[in-house]
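Notes to accompany the following structure.
A short reminder: the numbers here are calculations on the coordinates, not readings from a lab. Predicted, not measured: the structure shown is a model, and the values here were computed from it. Don't worry about glycine lacking a Cβ; one is built from the backbone with ideal geometry, like all the others, and counts go over all protein chains shown.
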Amino acid sequence: MKMLKITQEEAGSIFESLSQRYKIIAPVEKIGEGRFSNTSLLAYAEVKSFEEIEFFKKTERPAKEILFPVRQSLFEFKKKDIQELHEKIPPSIVFLRACDINAIGVTDAHFLNNEKFKDIYYKRRREAVKLFLMECKEPFGSCFCVSMGTNKTEDYSGFMRKLDDGYEIKVTDGELENYFSGGTPKDVEPAFVEKDKNPITIPREIDVSLFKNELWKEYSQRCSACGRCNTSCPTCACFTIQDIFSQDSNDAGQRRRVWSSCQVKNFAVLAGNHDFRVPKGDRMRYKVLHKIRDFKKLTGFNMCVGCGRCDDVCPDYISISKCIEKINKITGGNGDDG
């Protein structure tokens, strides 16, 4: 383990050394690319220096597409012949907050922690990535990570704190220690959020009678089924499979997987054209209960990490945290802290 305080100049040398081997991906501010005129977009992108990194603001979208791309070609086919595609995956360092590192633990559970099946496409990308922690000393407005138990983590290869005159660094990965030279030895530990601005209580027991509660009719009236909550969520991992045929032949093409959303029309359609979640409130119910109940029954931890991004991007001002609080009230306040 190595702990240092470094100057801006030393940081430049370290970045240059790291970038010879690693692609460095972090939150950046993209001027003029926001949803509204003359606004910026906070998003993940490859950076060319530590100075580009936005340490103090939350990104609108998570970093999950680094490991789970929006569109991913799996293999090519031609009649009965199948050719697997081997994408070149560079070793990468990704800067993440504690909630987003915990979110990767959720996607690991989706794609890797199944005894009978491991997703090789996700596995290859996951093995190429090292995680660097960015701290949150204070919660952002829509966050409730403390309530979800995702405000802290020890699962990181390094930690970096930006100062006015340089950076403080803690490196826990032996493979990376040699890249961090110079500086002044100093004890460095990350600070974590200890209290949510708007704490919530997670229901401990949920009876099936909740399925027919009037609560869901409210969401049927409000939700526009755009799916933004899913695409902005760091743990949603639903996808559909598409065969994209060549323009020259109906026997040749690529099979791809593409992000999907449990909130959009026809997501739950089965063989025989049976759709068992037509009302939009039923889709909301499925999403929320999967985040706080069903997934936890399988894994022992919640699927929602309390990042609040779904609240931030919803055009209908629907809040998952407020929905959880309503459920807790309906179930008699029998909840716990996650």
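The residue among PHE111, ALA237, THR331 whose Cα reaches farthest toward the positive pole of the charge dipole of the chain, with charges on the beta-carbon of Lys, Arg, Asp and Glu, is THR331.
Compared with the direct C-alpha span, the chain from PHE55 to ASN178 gains 41.9 nm at full extension, assuming 0.36 nm per residue. Put a plus charge on the Cβ of each Lys and Arg, a minus charge on the Cβ of each Asp and Glu, and nothing anywhere else: the dipole of the chain about its Cα centre is then about 1280 debye. Summing +1 for each Lys or Arg and -1 for each Asp or Glu among the other residues whose beta-carbon sits under 12 angstrom from that of SER157 gives -2. For the residue pairs LYS57/LYS137; LYS217/LYS280; LYS5/LYS170; LYS116/LYS291; LYS88/LYS123; LYS58/LYS152, the C-alpha atoms sit more than 18 angstrom apart in LYS116/LYS291. Remark: relative contact order (the chain) = 23 percent; criterion is Cα-Cα distance under 8 angstrom and separation of 6 or more residues.
Any aspartates and glutamates with Cα under 16 Å of the LYS186 Cα? List them, leaving off those in the same chain fewer than 8 positions away. Hits, sequence-local ones excluded: GLU10, ASP165, GLU168, GLU177. Describe numerically, in nm with one decimal, the distance between label points set 7 Å from Cα along Cα→Cβ at VAL264 and at ASP248. So the two model labels end up 3.1 nm from each other.
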